[in-house]
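A short worksheet on the structure shown next.
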Amino acid sequence: MAGEMNPREEVDGLNTRGLSFLQWIFYNSDGRERSSRACFFPMPSVPSHFLTGHHAHSIRMRQRKRPLIEDTVKKETDGWDYFDRIYCISLEEREDRRQAAAASFSTVGLTGKVEFVIVKRHPLNIEQGMYESHMTCLRKGLEAGAERIVVFEDDVVFDRFDADRFKECTQFLLENPNWKVLLLGALIRSSRRTANPFIQKVGYQSLAHAYALNRSYAETLAYQPWQGIVIDTLFRPLTDDLYAVYPMFAFQNDFASDNDNKYAGIERFRRLCGGLERIQKANEFYQRHKWGVIAAHIVIILSLLIVILSR
């Protein structure tokens, strides 16, 4: 009769319109699921609103867990995704360093994102070889159309890295497109706060084991022939648009140097001071809190003078 519902279309308030006969007989007349032990055929999947409360809850929990895992991975990689090319310089005979660097990269979400640029040792001048290796990375990035390029050396190690903070750092760069250099680790000679608590405006002193450049500034460097410049002082001429993450999280490992014995004395001094990582951290702390450190020293000296003169 027109307007009447087929008894197979509704069972005690459960709408079964569109179900096959096998799906329909899977439910009792009171709308409850039959025991699967009574079925001898593969059961088709049915929408979650046809499932019992326990089954529906299990599916909802599985669906809820998946995006949480995806969100965590995305959070770890978002900051690095701001950069178009990421390179790491390594001498061809230093497979040990490449393995160590790859292990370090995995701790900061860079697995599979870094291209190792394998170079030969310069036959005459180590410093020239270092400079040309860095310029090779910049040219590769520019010729690939990259707008933002990161360069590492293979003795890099990481500490104090935080994915959320780094994401805010790259957001700062996005909002300040005139930036030229972002230091991930270096020695600095001045530090000023910015509107972003995780970015500092700095005066550069030395080290070039971890940095990022934007395209316009990279173009001014990449095709310049070596003119006696030590790569670790490359950014000293810059007086503006030079930033560093705060706190810096990329440090140089205390490997034996590949630079012959030219800097053997400097390396011994670094080891006496506890290693380059400790030196970098102390340098950053001092530049960040310079006036407080100076004031504390003045107070200590005055206190000692008062004690001595009062005797």
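The values are calculated or read from the model by the stated rules, or taken from the named source; none is laboratory data. Note that the coordinates shown come from a computational prediction; the quantities given were computed from them, not determined experimentally. We place every Cβ from the backbone using ideal geometry, glycine too, and count neighbours over all the protein chains shown.
Numbers below:
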quantity: Residue match in segment 172-179 (condition: within 18 Å of the chain's Cα centre (by Cα) and assigned to a loop (DSSP other than H, G, I, E, B)); calculated: no
quantity: Per-region count, segment 143-181, residues closer than 14 Å to Val117 by Cβ and touching an Asp or Glu at 6+ places or on another chain (Cβ under 6 Å); calculated: 1
quantity: One residue from Arg189, Arg193 being touching a residue at least 12 places away in the same chain (Cβ under 8 Å) and charged (D, E, K, R); calculated: Arg189
quantity: Exclusive hit being in the same structural domain as Ala144 (by TED's automatic domain parsing), of a type in the set (Gly, Ala, Ser), at pLDDT below 95 and not in a loop (DSSP other than H, G, I, E, B), set Gly274, Gly265; calculated: Gly265
quantity: Yes/no for Tyr217 being within 26 Å of Ile279 (Cα to Cα) and either in a strand (DSSP E or B) or of a type outside the set (D, E, K, R) (or both); calculated: no
quantity: Residues being closer than 12 Å to Pro247 by Cα and either crowded, with 22+ Cβ neighbours inside 10 Å or touching a Pro at 6+ places or on another chain (Cβ under 7 Å) (or both) - total across segment 175-201; calculated: 6
quantity: Where Gln200 falls short, out of the listed (1) touching a Ser or Thr at 6+ places or on another chain (Cβ under 7 Å); (2) over 21 Å from Val108 (Cα atoms); (3) not hydrophobic (A, V, I, L, M, F, W, C); calculated: (2)
quantity: The one condition in (1) within 13 Å of Ser191 (Cα to Cα); (2) not assigned by TED's automatic domain parsing to the domain that holds Arg192 that Tyr286 fails to fulfil; calculated: (2)
quantity: Those strands (runs of 3 or more DSSP E) lying entirely in segment 73-158 with at least 2 residues under 24 Å from Trp226 (Cα atoms); calculated: 85-91, 115-119, 148-153
quantity: Check on Thr170, modelled with pLDDT of 95 or more, surrounded by fewer than 17 Cβ atoms within 10 Å (Cβ to Cβ) and either in contact with a His (Cβ under 9 Å, 6 or more places away or on another chain) or not hydrophobic (A, V, I, L, M, F, W, C) (or both); calculated: no
quantity: Any pair with Cβ under 7 angstrom, 6 or more apart, that starts in segment 96-122 at a residue that is under 16 Å from Trp80 (Cα atoms) and ends at one that is of a type in the set (S, T, N, Q) and assigned to a helix (DSSP H, G or I); calculated: Gly109/Thr77
quantity: Yes/no for Tyr246 being modelled with pLDDT of 70 or more and over 21 Å from the mean Cα position of the chain (by Cα); calculated: no
